[in-house]
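Worksheet: one structure, shown below.
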Amino acid sequence: MSWLEGKVIENRHWTQSLFSLRVEGVGLKFEAGQFVRIALDIGGERVARPFSFVNPPADPVLEFYGVVVPEGPLSPRLASLKAGERLQVASNPAGFLVLSELPDAETLWLLSTGTGIAPFLSILKTEVPWRRFRNVVLVHAVRHARELVYQDLIRGTKVKYLTMVSREAHQGSLSGRIPAAIRDGSLDAAAGLGIAPETSQVMLCGNPDMLKDAAAALAARGLRKHRRRSPGHITVESFW
């Protein structure tokens, strides 16, 4: 695998632990929803982690959304990068959380926790979801309301946007977790749309517990994992 050098042009801090890097000088071809490894050389070793693209493929400035893992070798250093500093970007974007892999459906559900919203932001900034699906629903579940990032970007699209906050009351947001909201029907009610195998494609990105529990809740409603050889309704991305 080869590496490309990029220059940081902005490091935005949403909270003490959430940040977004914008990087120029790296020409990459990818599909909205994919991820790539970004790296820094630390102590003579290249330390890399996967990050989903926030930007759409047509944007030459790459954007990545991350969370600081305090004991981690890479994320605290990425969060402290200044404009003009350099990082490394792998030359081989990857991942199957992309619309080209999905069968057609009436409604596209994009269900995310935390930084798992990133690939869905890239997808929403393309024309593809609006051409292929009558309804597009984005769900972002976080612990605290201050973690509901990219509000302006999201509200500038036609997506039906639902938020969930689990550790405090927040006006306009559902409480609790995504799997429970699937099980009790509150997610359908908030969207005004039903999650059903006849009408839905569901993409999941976030923490492993959400992915496992949401997939189980969806399976209980008749949806099954999508595979190329066995088309279904649930597509999952996890690079934890």
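When the stretch 104-117 is limited to residues that are open to solvent by less than 40 Å² (accessible area, probe 1.4 Å) and not polar (S, T, N, Q), the one that is nearest to residue 69 (Cα to Cα) turns out to be 114.
Filtering the stretch 118-174 down to residues that are of a type in the set (D, E, K, R) and part of a loop (DSSP other than H, G, I, E, B), which residue is farthest from residue 66 (Cα to Cα)?
Applying the filter and picking the extreme gives 134.
Residue 3 satisfies every condition listed in (1) touching a residue at least 60 places away in the same chain (Cβ under 8 Å); (2) out of contact with any helix residue (DSSP H, G or I) (no Cβ under 6 Å at 6 or more places or on another chain); (3) aromatic (Phe, Trp, Tyr); (4) under 20 Å from residue 142 (Cβ atoms) except (4). The residue that is least open to solvent (accessible area, probe 1.4 Å), counting only those in the stretch 189-208 that are without any contact (Cβ under 8 Å) to a residue 40 or more places away in the chain and farther than 17 Å from residue 219 by Cβ, is 190. Selection of the stretch 209-230 for residues being open to solvent by 50 Å² or more (accessible area, probe 1.4 Å) and under 22 Å from the mean Cα position of the chain (by Cα) yields 209, 212, 216, 219, 224, 225, 227, 228. For the stretch 60-76, the candidate set comprises residues that are of a type outside the set (A, V, I, L, M), modelled with pLDDT of 95 or more and open to solvent by 50 Å² or more (accessible area, probe 1.4 Å); within that set, the residue that is farthest from residue 4 (Cα to Cα) is 73.
Taking the criterion of being of a type in the set (Lys, Arg), under 19 Å from residue 85 (Cα atoms) and surrounded by fewer than 17 Cβ atoms within 10 Å (Cβ to Cβ), the residues of the stretch 1-55 that qualify are 7, 12, 46.
The values are calculated or read from the model by the stated rules, or taken from the named source; none is laboratory data. Nothing here was measured: the structure is a model prediction, and the numbers come from that model. Counting neighbours? That spans all protein chains shown, and the Cβs are built from the backbone with ideal geometry, glycine included. Side chains included, ligands, DNA and RNA excluded: accessible areas come from the protein's heavy atoms. Shrake-Rupley method; radii C 1.70, N 1.55, O 1.52, S 1.80 Å.
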